[in-house]
Every structure is written in C-alpha cells, then in structure tokens.
C-alpha cells in the first residue's frame, strides 16, 4: 500500500511541475492583440500559426486531469487507515504527567513559602483565583 501511495505522490509532483512549466510558457490573452498589429513572429514556428496554443492548452488540460485523479487517489487511499488508529481526536489524547525529577533544571522540593517582615500580614491565597477573581479592579 505504501508503494502505491509513493507512486501516486511522485506522479502528482511531476504533473504539478509540468503544469507549472506549461502555464508559464503560454501566452496571455493580451499577446494576441499585439500580434494582430504586426508584432507577431509569423507562421514559421514549430507548431504552426496556432498549433502551439492548442498543443499547450490541451497538454495542460491533460496534466490537470491527471493531477486531479492523483489528488483524489491520495485522499481515498489516505483514509483507508484502520478505524482503531482514527478512534479519536488528537486533542482528546492524554499526555502523561512528567515528574519534576525528569524536567531539566527543576527540583523536586516544593517552592519556599513567601516570608514577610515580623508583624506584617502575608496574603497568600490557598487556591489559585479563578473566574472573576482574576480580573483586576480599578
């Protein structure tokens, strides 16, 4: 199955590169107006007077169809994974807690309690403030 996906992806990449090259070589619609007033090179070209436009546009269309088929094939074969591997969302996976001993630079000892001058009251909340208590007052 991986070989098939690799082949389809290689064909898609080559098709995309071919389409980019052909699209950049084609003349825009404004180039025809210049040729009508004598700016054209004549009909002594490789593909004839209008043969290059027909050849390139048809080849671009064929490459676009191959690119679309490869895209649909990659989407189809990419979704054929077993249902067990797609059981849930990435956001639903549980990350195990890392002990402080495994974190570099962290010590396993608890943080020291804040100290104040003798006789001064220390305002240390027992639990972190949540909700409206986190909004500072004026």
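Screening the range 1-106 for helices (runs of 4 or more DSSP H) wholly inside it with 3 or more residues that are surrounded by 13 or more Cβ atoms within 10 Å (Cβ to Cβ) and either touching a helix residue (DSSP H, G or I) at 6+ places or on another chain (Cβ under 7 Å) or modelled with pLDDT under 80 (or both) returns the ranges 2-25, 51-78. Looking across the range 62-81, the residues that are touching a residue at least 40 places away in the same chain (Cβ under 8 Å) and over 23 Å from residue 23 (Cβ atoms) come down to 77, 78, 80.
The values are calculated or read from the model by the stated rules, or taken from the named source; none is laboratory data. What you are looking at is a predicted structure, and each value in this text was computed from that prediction instead of being measured. Cβ: placed from backbone, ideal geometry, glycine included. Neighbour counts: every protein chain shown.
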